[in-house]
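Readers should treat all values here as calculations from the given coordinates under stated rules, not as data from a laboratory. These numbers come from a predicted model, not from an experiment. Positions of Cβ are backbone-derived with ideal geometry, glycine not excepted, and every protein chain shown enters the neighbour counts.
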Amino acid sequence: MKHQNGRKKLNLKSSHKRALMRNQVIHLISYGHLVSTKAQVKEVQRLAEKLVTVARKGSQDFNARRKALAMLPYKEEALTKLFEEVAPRYTERPGGYTRVIPMGRRRSDTSIIARLEWV
């Protein structure tokens with residue numbers, strides 16, 4: 001049974017989906033926004049929220065940086081920006097660090113497009 005299993009398959013193998021999610025989160029951290037399909041944006045939002053929650057206690061906890069590095073292993077610049085710029089903005093916020101803005105449908109295949117950005 002698949003009760004309470006909220007993850008989307010996105011028509012990808014698990015290794016490809018993991019790599020896609022990591023690259024999308026790196027893009028979100030680097031540029032501050034991400035434009036993609038709504039299903040992908042919502043999955044990226046889950047990972048990004050977890051990363052910010054881990055990074056919020058990064059200055060006190062050394063294991064937080066190791067845990068974030070395990071989630072985003074191949075872009076040290078993105079981790080540095082996450083710990084030094086993004087996470088300190090949300091130290092007093094209990095959650096909800098990102099917002100999803102719908103942008104209509106793509107013309108070619110009518111996929112719903114959305115924009116993910118920091119609050």
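Show that you can apply the helix-only estimate: for the chain, add -39,500 (n - 2.57) for every DSSP H stretch of four or more residues, divide by all residues, and state [θ] at 222 nm to the nearest 500.
Calculated at 222 nm, the ellipticity per residue is -14000 deg cm²/dmol.
Using a Cα-Cα cut-off of under 30 Å, which lysines could be cross-linked to K13, ignoring same-chain neighbours fewer than 8 residues away?
K2, K38, K42, K50, K67, K75, K81
Per-residue counts of other Cβ atoms within 10 Å, averaged by peptide: what ranking do you get for 4-12, 78-86, highest first?
78-86, 4-12
If you average the C-alpha positions of region 85-119 and of region 1-52 separately, how far apart do those two centres end up, in angstrom?
For region 85-119 versus region 1-52, the Cα centre distance is 12 Å.
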